[in-house]
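Chemist: Following this message is one structure expressed as structure tokens.
The values are calculated or read from the model by the stated rules, or taken from the named source; none is laboratory data. Note that the structure is a prediction, hence the values are computed from the model and not measured. Cβ sites come from the backbone with ideal geometry, for glycine too, and all protein chains shown count toward neighbours. Each accessible area value is taken on the protein alone, full model and side chains, heavy atoms only, with ligands, DNA and RNA left out. Shrake-Rupley method; radii C 1.70, N 1.55, O 1.52, S 1.80 Å.
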Amino acid sequence: MRTSTLPTPEASLSDARQPLESVVVRFAGDSGDGIQLTGNRFAAVTALAGNDLTTFPDFPAEIRAPVGTTYGVSAFQINFGARAVKTSGDAPDVLVALNPAALKVELGRLKPGGIVIVDSGAFNERSLRKAGYAADPLNDGSLASYRLIAIDISKMTLETVKPLGVSQHDALRCKNIWTLGLVYWMFGRDRKPTADWLKKRFADSPLIASGNIAALDAGHAFGETAELSGDIPGYSVAPASLDPGLYRTITGGEALAWGLVAGAHLAGLKLFFASYPITPASPLLHALTSLRRLGVSTFQAEDEIAAVCAAIGASYAGAMGVTSSSGPGLALKGEALGLAVAAELPLVVVNTQRAGPSTGLPTKTEQSDLMQALFGRHGESPLAVLAASGSSDCFETAIEAVRIATRYMIPVIVLSDGYIANAAQPWRVPDITALSPFPVEFRTDPKGFAPYARDAATLARPWAIPGTPGLEHRIGGLEKDQLTGAISYDPANHQQMSDTRAEKLDRIALDIPLQTVETGRGEGRLAVVGWGSTHGPISRAVVSLVERGYDVAHIHLRHLSPLPPNLGELLRRYETVLVPEMNKGQLVQLLRAQYLVPAEGLNKISGQPFKIAEIEAAILARLGS
């Protein structure tokens, strides 16, 4: 009896592969097995094959967990297909486990009847004991409900690579590439881009490059040979229907970097980025450091406070100051954010959220910093808050953050999270000349200059670069006179300045798009309201239910402070509002308080993103179906 979730091909590769609409593959192994590299290479060639895709790098929380233990299991999941793919997939169709610990941790995710490929050479008494197995799962019948493909990958890799003169240690490190070759064969992937990449990656070690390429070819050849006997299935996934254009895969960290560079370009400013390394925010620092050729200046500060203060100083000097961090770092930046609000300078702060509190789960995703971003400062210190809904959306969100920051002379926090930062999606490279510029005009005329004489539309004060003759003025944390900028302790002046800073958000609300309904009707029984990385599973769940005739709609927020001016009226058109969040219910509290709507929370705090099935079940429960 066939139990695989993937159909068994009915013809050999030379005749035809079994076509599939979409597939979820999960690679897993020890942290030192090169799992992330394997997954990223598979994603790259899958994108070249024309499939739509979304990835989910799932790093272990322990940086240096003992080898072979469940604490050190690293995984990479990819969902790819011939249709639009908006999530990394609920449950894998194929699981590749390179050691017993990976099988132990990941098997529960695999669909019943799914394919599990294991390196049987890694299953020995010691590794089984370290993984917590009392008996060998390859022989005790516990995998009977799956399609098990057990191959001594370690031995085959050694037999392929050692004759080239590669040491046994380095040869064994090629087993992930051997496995990649096998999976390439299963899904008809081209090996040449990976071979070219290996030659470039190991240009200084041609022997290592040759060993990896030989392993890639050997894994592929094994698939071809096994296919003849029917042991290894072969499938095909047709290219997705995408708009014409130039595409590349991009992670959220990369898209944020490119968006910030584009935003600074559209504003006519230099970009200065100051940050202190912290997981999972560091990829943004890495990406921007590689863009110095575009005029980007980066500064790795000694701590979080120095980073944000350096960015504020850069904005004071006429550049687009940007800093980044994750939840604990954002808390440390709180006092300096108040300074940026008081000084009324443009500043962009990227917060890549992770599971907390405190150190929490540094590599796991969460959405628990929304309240901190909105209110986590002393005094009345309003600022704008945006949230990216996915990796590619980070590009446009970053541009919008720069636009608001410079037009209204106000700090803007951009919320990303660990899932968005590391996940990859296809991204159509935009035509930069088609984007609307929003050039900054610095004040240069000393005639009638007053540091806090505001623009009538935006309430922004003039941006005067220090050293400009006749425009000398004072900034700082002490309250300023509403016109001259002199230090003022006058009660009425403080009231006026506080009101004005708050009113800036009201003006921004008139300058952002009205909230739209992404899927479904503009009124009805149930609206699912999301923000950030819940976009993918919500979108897929709602689209599926609408196609099945259910009265449900999807509303997704990019602007969280201020909220779109029509949002309250829009939400009141629905009988029920459901708000899925990876926290204990932060946006749902805000919507209830601000609009008095019957919003209900759907909350998950496991360090893992929502599954489509979880969203669907919650919707159906509320619809009484």
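Chemist: If you take the alpha carbon radius of gyration of the chain and divide it by 2.2 N^0.38 Å, what ratio comes out, to two decimals? Present the calculation step by step, with values, prior to reporting the outcome.
Modeler: On the way: Rg = 26.7 Å, N = 625, 2.2 N^0.38 = 25.4 Å.
Expressed relative to 2.2 N^0.38 Å, the Cα Rg reads 1.05.
Chemist: Rounded to the nearest 10 degrees, what's the angle between the helix 491-509 long axis and the longest principal axis of the chain, both from Cα atoms, 0 to 90?
Modeler: Once rounded, the angle reads 40 degrees.
Chemist: Can you give the longest run of the chain that contains no GluC sites (Glu not before Pro) sitting in a DSSP loop with at most 12 other Cβ atoms inside 10 Å? Show your work: numbers first, answer last.
Modeler: Values: sites that count: GLU10, GLU21, GLU302, GLU441, GLU472.
Here the longest run is 22-301.
Chemist: Which sequence of ASP303, ASP136 reflects their accessible areas, 1.4 Å probe, from the largest down?
Modeler: Values: ASP303 60, ASP136 40 Å².
Largest to smallest exposure gives the sequence ASP303, ASP136.
Chemist: Please report, to one decimal in angstroms, the Kirkwood hydrodynamic radius of segment 252-321 built from all distinct Cα-Cα pairs. Can you show the working numbers first?
Modeler: Numbers: mean 1/r = 0.0835 Å⁻¹.
The Cα-based Kirkwood calculation yields 12.0 Å.
Chemist: When every alpha-carbon pair in segment 374-433 is counted, what percent end up more than 13 Å apart?
Modeler: Details: 1174 of 1770 pairs.
Pairs farther apart than 13 Å: 66 percent.
Chemist: Using only helices, what value at 222 nm comes out for the chain when you add -39,500 (n - 2.57) per DSSP H run of length 4 or more and divide by the total residues, to the nearest 500 deg cm²/dmol?
Modeler: Details: 21 runs with 226 residues, N = 625.
Only helices count here, giving -11000 deg cm²/dmol.
Chemist: Okay, next question. From the square roots a ≥ b ≥ c of the eigenvalues of the alpha-carbon gyration tensor of segment 342-456, which class results: rounded (a/c under 1.5), prolate (a/b over b/c), or oblate? Please list the in-between numbers first.
Modeler: Numbers: a/c = 3.80, a/b = 1.41, b/c = 2.70.
Oblate.
Chemist: Check the straight Cα-Cα distances from LYS200 and name the lysines below 26 Å, setting aside those fewer than 8 residues away within the same chain.
Modeler: LYS162, LYS175, LYS192
Chemist: Highest mean first, how do 450-460, 177-187 rank when packing is the count of other Cβ atoms within 10 Å averaged over residues? Intermediate results must be reported in sequence, preceding the final value.
Modeler: Values: 450-460: 14.9, 177-187: 24.4.
Packing order, densest peptide first, comes out as 177-187, 450-460.
Chemist: Which values of log₁₀ I(q)/I(0), to two decimal places, follow from the Debye formula for segment 75-158 at q = 0.14, 0.16, 0.19, 0.26 Å⁻¹ with a uniform point scatterer at every Cα?
Modeler: Debye curve over Cα of segment 75-158, log10 I(q)/I(0) at q = 0.14, 0.16, 0.19, 0.26 Å⁻¹: -0.50, -0.64, -0.85, -1.34.
Chemist: What percent antiparallel are the DSSP beta bridges of the chain, to the nearest 5?
Modeler: 30
Chemist: How much net charge surrounds MET320 when only other residues with a Cβ under 13 Å from its Cβ are counted (Lys, Arg +1; Asp, Glu -1)?
Modeler: Details: positive: LYS270, ARG403, ARG407; negative: none.
Summing Lys and Arg as +1 and Asp and Glu as -1 gives +3.
Chemist: Using the eigenvalues of the Cα gyration tensor, what equivalent ellipsoid semi-axes result for segment 360-404 when each is taken as the square root of five times the eigenvalue, whole Å, largest first?
Modeler: On the way: eigenvalues 85, 74, 8 Å².
For segment 360-404, the ellipsoid semi-axes come out as 21, 19, 6 Å.
Chemist: Mind checking the alpha-carbon convex hull of segment 412-452 and giving the volume per residue in Å³?
Modeler: 140
Chemist: Carbon and sulfur together cover what percent of the accessible area of the chain at a 1.4 Å probe radius? Present the calculation step by step, with values, prior to reporting the outcome.
Modeler: Working: 13500 of 25360 Å².
Percent of accessible area from carbon and sulfur atoms in the chain: 53.
Chemist: Which lysines, on any chain, are close to LYS584 with Cα under 20 Å apart, when same-chain ones fewer than 8 places away are left out?
Modeler: LYS584 reaches LYS364, LYS604, LYS611.
Chemist: I've got another one for you. What shape does segment 292-410 have by the C-alpha gyration tensor, where a ≥ b ≥ c are the square roots of the eigenvalues, rounded means a/c under 1.5, and otherwise prolate means a/b greater than b/c and oblate the rest?
Modeler: On the way: a/c = 1.37, a/b = 1.22, b/c = 1.13.
Rounded, because the longest to shortest axis ratio a/c is under 1.5.
Chemist: Next up: Quick one: helix 393-408 against the long Cα principal axis of the chain, what's the angle to the nearest 10°, folded into 0 to 90?
Modeler: Computed tilt is about 10 degrees.
Chemist: When ranked by the protection proxy of mean other Cβ atoms within 10 Å per residue, highest first, what sequence do the peptides 536-542, 402-408 form?
Modeler: Numbers: 536-542: 26.3, 402-408: 24.7.
Most protected by this proxy first, the peptides run 536-542, 402-408.
Chemist: Taking only C-alpha pairs under 8 Å that are 6+ residues apart, what is the relative contact order of segment 406-545 in percent? Walk me through the intermediate numbers first.
Modeler: Values: 100 pairs, mean separation 31.6, N = 140.
Computed over segment 406-545, the figure is 23 percent.
Chemist: Taking the 0 to 90 degree range and rounding to the nearest ten, how far is the long axis of helix 206-229 tilted relative to the main principal axis of the chain, both from C-alpha atoms?
Modeler: Taking the Cα atoms of the chain, the angle to 206-229 is about 60 degrees.
Chemist: Let me ask you something else. Starting from the Cα of LYS480, draw a straight line to each of the aspartates and glutamates and keep only those under 12 Å, dropping any in the same chain fewer than 8 residues away.
Modeler: In chain and number order, the partners are GLU344, ASP490.
Chemist: For MET371, what accessible surface area do you get with a 1.4 Å probe? Give it in Å², rounded to 10.
Modeler: 60
Chemist: Provide the packing ranking of 557-564, 385-392, 306-313, i.e. peptides ordered by the mean count of other C-beta atoms within 10 Å per residue, highest first. It would help to have the intermediate numbers written out before the result.
Modeler: Numbers: 557-564: 20.1, 385-392: 26.4, 306-313: 22.9.
With the highest mean Cβ count within 10 Å placed first, the list reads 385-392, 306-313, 557-564.
Chemist: Any chance you could look up the accessible area of LYS130 with a 1.4 Å probe, heavy atoms only, rounded to 10 Å²?
Modeler: Result for LYS130: roughly 70 Å² accessible.
Chemist: What's the FRET efficiency of LYS200 with ARG126 using the Cβ-Cβ distance as r and R₀ = 41 Å, to the nearest 0.05?
Modeler: 0.65
Chemist: At each listed q (0.13, 0.14, 0.20 Å⁻¹), what is the log10 of I(q)/I(0) that the Debye formula gives for segment 205-350 modelled as equal alpha-carbon point scatterers?
Modeler: Debye intensities relative to I(0), on a log10 scale: -0.70, -0.75, -1.13.
Chemist: Next question, about the same structure. What translational diffusion coefficient, in µm²/s and rounded to a whole number, does the Stokes-Einstein relation yield for segment 515-582 at 4 °C and a viscosity of 1.567 mPa s, taking the hydrodynamic radius as the Kirkwood radius over Cα pairs?
Modeler: Values: Rh = 11.9 Å.
Answer from the Stokes-Einstein relation: 108 µm²/s.
Chemist: Rolling a 1.4 Å sphere over the protein heavy atoms, what is the accessible area per residue of the chain, to the nearest Å²? Walk me through the numbers on the way to the answer.
Modeler: Numbers: 25360 Å² over 625 residues.
Dividing the accessible area of the chain by its residue count gives 41 Å².
Chemist: Still on this structure, please answer the following. May I ask for log10 I(q)/I(0) of segment 471-625 at q = 0.09, 0.12, 0.16 Å⁻¹, from a Debye sum over the Cα atoms as equal point scatterers with solvent left out?
Modeler: Per q value, in the given order, log10 I(q)/I(0) is -0.40, -0.60, -0.85.
Chemist: Find the eigenvalues of the gyration tensor of the Cα atoms of segment 59-199, then list the square roots of 5 times those eigenvalues as equivalent ellipsoid semi-axes, largest first, in whole angstrom. Mind dumping the intermediate values first?
Modeler: Numbers: eigenvalues 107, 102, 48 Å².
Taking √(5λ) for each eigenvalue gives 23, 23, 15 Å, largest first.
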